[in-house]
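Asker: Starting off with a structure, shown below.
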Amino acid sequence: MNYSITAFNIGNGLILKNKNNCIMKKNIGTIDRVLRIFFAVDIIILYYLETFTGIIGAILLVIGGIFLVTSIFRICPLYTIAGINTCAKEE
């Protein structure tokens, strides 16, 4: 499968569409987003302070980057596969 993702900043939020124009819905809630950003920043700081070095440091730095990117876009591919959604329910 060939996927390409396009981001549109429309109105109040970011809409992500894949090649088939299927909208990717947000699945990361506010608390989850704040925790991901907190852990990402902590991992990045600890890496640059050389608390984590070598292969372990590189792996943790990649994980921190993934946390940061998923929290920015509010979409976690693993949550999508597992059917998890931490966003507040709209009534």
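Asker: What does the charge count near V69 come to, summing +1 for each Lys or Arg and -1 for each Asp or Glu among other residues with Cβ under 13 Å from its Cβ? If you can, show how the numbers build up before the last one.
Answerer: Details: positive: R33, R36, R74; negative: none.
Around V69, the charge tally is +3.
Asker: Using only Cα atoms, figure out Rg for the stretch 37-91 and give it as a multiple of 2.2 N^0.38 Å. Intermediate results must be reported in sequence, preceding the final value.
Answerer: Working: Rg = 13.9 Å, N = 55, 2.2 N^0.38 = 10.1 Å.
Rounded to two decimals, the normalised Rg is 1.38.
Asker: Based on other C-beta atoms within 10 Å, arrange F67, F52 from fewest to most.
Answerer: Least to most surrounded, the residues fall as F52, F67.
Readers should treat all values here as calculations from the given coordinates under stated rules, not as data from a laboratory. What you are looking at is a predicted structure, and each value in this text was computed from that prediction instead of being measured. Positions of Cβ are backbone-derived with ideal geometry, glycine not excepted, and every protein chain shown enters the neighbour counts.
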